[in-house]
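The next block holds one structure in the form of structure tokens; read it before the comments.
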Amino acid sequence: MEITTLQLLGAFALSYVGFAWLALTQLRPWRAVGLGRRRPTRTRLVRVLGVVSLSLGLALTLARDGLAFGLLVWPLLLAIAATAVAITLTWRPQWLRGLARFLPDATE
Amino acid sequence: MKPTLRQSMTLLHTWAGVLLGSLLFVIFWMGTLSVFTDEIDRWMMPDTRRGSPLGVVSLDAVAAKAIELGGPQTRFISVSMPEPRTPVARVRIQSDGGARHDRYLNVSALSWVPDPETAAASRFLYPMHYSLHLPQGYWLVGLCAMAMLALLVSGVIIHRSLIADFFTFRPGRRLARTSLDLHNLSSVVALPFHFMITLSGLVIFFALYYPMVQHAVYPELSIEEARNELFKESEGRYTREASGEPGSLASLDAMYERARSYWDGEPLRYFTLNNPLDAAGYATFGRLGNDHVSAKGDRVVFSSGTGELLQEPKLGPALAVQRFLSGMHQLRFDHWVLRWLYFIAGLFGCVMIATGYIYWLETRRKRHAADGLPGIRIVEGLTCGSVTGLIAATLAFLVANRLLPMGFSIGSLSRLYSEIVVFYLVWVGSFVHAWARPTGAWVEQLRFIALLAFGAVVLNWATTGDHLLKTLSDPHWPVAGVDLLLLCTGVLALRAGKRVARSSAGRRRSGLEPAARQP
């Protein structure tokens, strides 16, 4: 696979994971993944992780496409990643359990 | 009592949405399709699917060919050079006396491609995006774009829980809830796109929308002259009148080589000839610009008779911003990832508008039924005709293109106009259908869409032999891509039809709506 394709897939994966973490710090998505009803309270770290993941996606996009094209590609990639997270939460929320375990006081 | 900000914004959002939503849908739908104008053109013009291998081309020979067709009265020639998405040159010729030609040329064989006899995407679907094919239609489009910006801002203000609902999509709930979820999702996640695409669309036509600004800068000139002067000063647009003295063409190939030295060796997108047979004729060369966002043409202009340089590339700072925004909007560069992302984001826009209407309908159905108000019926017909009706009309346009034989005409109506008539007949018909049969229209139109979409794929196979197995195994992506998207459209339409049928059956059970009369 070409390096540019890998960069694109990587940027999408980082955006997806970033949004998934941001979503999991909210009550409804947290309940959807099925790791208990009470939402973890210390969520700031996970939000930071989420934002870092989105930013790494931006860095990868800029490296792939340069400034002008990168700044056009990234927001659109984010739109699709956010939609993908919403769809996952609707139809396959259990897929996000692995990511949910990163929340500091998540319990089984 | 004074209404709160949210109340007044709700009023604005609702009324602007209901009144202009159907036009906005036309603009968004046609804009989304315009991302693939060249591919739709290849699908609708089979003779242009496989052109000449790209390589060295003599511009002198191309120009001679065009003048031969245009005759001694030739006043203007524009040639878009072949490139991977359009493997033949598009040649447009205007002659004194009004004769016009718009043809495709195989540049390596130097032979005219048979007249495709269709307006296809480049002359019908794409112009509809910015003019609606109405006289002065771009004013209406501009109004819609301003309304769109207002809708986006007011929508953000009235959104009750933007952050909390960011990832919310509940397809199992009542249709009103589901459509609001989808409306919020499709607008919020793609908000930067919706905003920038609307704003840049307005910026493209700044000279039309703000004529008085140019007049204010050059108060001594008429508006038309002021506009010419503005573009001359800011981006080196060059014009001069014909002298009346006959002239001939110097070597265009030599001029092109000189032009290219301004472009880092990048090739040519187009060249134009004004008054090529006049002593004061001039030739303009435009840069391909596949590797940058900005649609700066980097024009170089020569005197066509002598080859003397008349104008170097030039771009003032204000227009450089305008060129960047219009380049961003028009996507003339070579970037397939971005092309698909724009297409998807455009579809998000279409979903946003359609679900906005559906939410409006679903939240008012009960109340309007109780109060005996006619609003629901009017808006439901409007929605159905402008959403499913427009999609059906577009597909009927493709089907007509494959069904009507070359050389077809009814009376004075050529094949090209017959396709357009089919488009409008189906579109107008869908409004009539939707108002006449409010209960069954959605499902019936969705099934009609599926039929047309699948039919178009089969007809493409039957009339050109380019079926999907062939276009995928020996890749011919333009045709394969259009066929695959048609199949997706058909499948989605069938699934949506099922969902709507289930939802309206639910409404009938709850006594909100009379049962559809079964024949």
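Given a Förster radius of 25 Å and the C-beta distance between residue B:494 and residue B:174 as r, what FRET efficiency does 1/(1 + (r/R0)^6) yield to the nearest 0.05? For residue B:494 and residue B:174, the calculated efficiency is 0.65.
Segment B:43-136: Rg/Rh from Cα coordinates, Kirkwood Rh? Present the calculation step by step, with values, prior to reporting the outcome.
On the way: Rg = 14.1 Å, Rh = 14.3 Å.
In segment B:43-136, Rg relative to Rh is 0.99.
In terms of other Cβ atoms within 10 Å, B:83, B:419 run from fewest to most in the order B:83, B:419.
Between residue B:233 and residue B:212, what's the calculated FRET efficiency when r is the beta-carbon distance and R0 is 22 Å? Round to 0.05. Don't skip to the end; give the middle numbers.
On the way: r = 18 Å, r/R0 = 0.81.
Efficiency computed from Cβ-Cβ geometry: 0.80.
Bridge orientation summary for the protein assembly as shown: considering DSSP beta bridges with both residues in this region, about 100 percent are antiparallel. Counting Lys and Arg as +1 and Asp and Glu as -1 over every other residue whose Cβ lies under 9 Å from the Cβ of residue B:93, the net charge comes to +3. With R₀ set to 51 Å, the beta-carbon distance separating residue A:51 from residue B:428 gives a calculated FRET efficiency near 0.50. Exposure proxy for B:255, A:1, B:146: other Cβ atoms within 10 Å of each Cβ, ordered fewest to most, give A:1, B:146, B:255. Counting Cβ atoms of other protein chains within 10 Å of each residue's Cβ and taking the mean over peptide A:79-91 gives 5.
For segment A:33-39, the Karplus equation 6.51 cos²θ - 1.76 cosθ + 1.60, evaluated at θ = phi - 60°, returns couplings of 6, x, 10, x, 7, 7, 6 Hz by residue, with Gly and Pro reported as x.
From the square roots a ≥ b ≥ c of the eigenvalues of the alpha-carbon gyration tensor of segment B:288-432, which class results: rounded (a/c under 1.5), prolate (a/b over b/c), or oblate? It comes out oblate by the Cα gyration axes.
For chain B, the membrane-span-like helix rule (DSSP H, alpha carbon extent of at least 15 Å along the helix axis, mean Kyte-Doolittle at least -1.0) picks out B:5-34, B:59-70, B:137-158, B:175-188, B:191-204, B:317-330, B:336-371, B:375-386, B:388-403, B:415-436, B:441-464, B:477-509; this says nothing about an actual membrane. A Cβ-based charge dipole, computed about the Cα centre of the protein assembly as shown with Lys and Arg at +1 and Asp and Glu at -1, lands at about 4220 debye. Size of the protein assembly as shown from its Cα atoms: along the principal axes, largest to smallest, the extents are 85, 63, 62 Å. Spatial offset of segment A:1-34 relative to segment B:161-205 amounts to 19 Å, using the alpha carbon center of each. As a length-normalised measure over Cα pairs under 8 Å and 6 or more apart, the relative contact order of segment B:1-149 settles at 27 percent. Modelled label positions at residue B:225 and residue B:240, each set 7 Å beyond Cα in the direction of Cβ, lie 1.9 nm from each other.
With the cut-off at 1.5 for a/c, could you classify segment B:378-474 from its C-alpha gyration tensor as rounded, prolate or oblate? Walk me through the intermediate numbers first.
Working: a/c = 3.40, a/b = 1.46, b/c = 2.33.
Taking the square roots of the gyration eigenvalues as a ≥ b ≥ c, segment B:378-474 is oblate.
Around the amide H of residue B:282, modelled in the peptide plane, lie the amide H atoms of B:274, B:304, all under 5 Å away and 5 or more residues distant in sequence or on another chain.
Cross-link partners of residue B:232 among lysines, defined as those whose alpha carbon lies under 22 angstrom from its own and excluding same-chain residues fewer than eight positions apart: B:296, B:314. Cβ-to-Cβ counts within 10 Å put A:16, B:262 in ascending order as B:262, A:16, the fewest first. Between residue B:8 and residue A:27, the simple label model (points 7 Å from Cα in the Cβ direction) yields a spacing of 3.3 nm.
Please average, across the residues of B:343-355, the number of beta carbons from any other chain that are within 10 Å of each residue's own beta carbon, and give a whole number. Mind showing how you got there, number by number?
Values: counts 0, 4, 4, 0, 0, 4, 0, 0, 0, 0, 0, 0, 0.
Partner-chain Cβ atoms within 10 Å, mean over residues of B:343-355: 1.
Projecting label points 7 angstrom from Cα along Cα→Cβ for residue B:417 and residue A:91 puts them 4.7 nm apart. Each residue of segment A:86-93 was assigned a 3J(HN,Hα) from its phi angle through the Karplus curve 6.51 cos²θ - 1.76 cosθ + 1.60 (θ = phi - 60°); the sequence is 4, 5, 4, 5, 7, 10, 9, x Hz, with glycine and proline shown as x. The peptide list B:303-316, B:84-97, put in order of mean Cβ contacts within 10 Å with the highest first, becomes B:84-97, B:303-316.
Bear in mind these aren't lab numbers, they're just calculated from the coordinates by the rules spelled out. From a predicted model like this one, the values you see are computed outputs, not experimental measurements. Here Cβ is always computed from backbone atoms with ideal geometry, including for glycine, and neighbour counts include all displayed protein chains.
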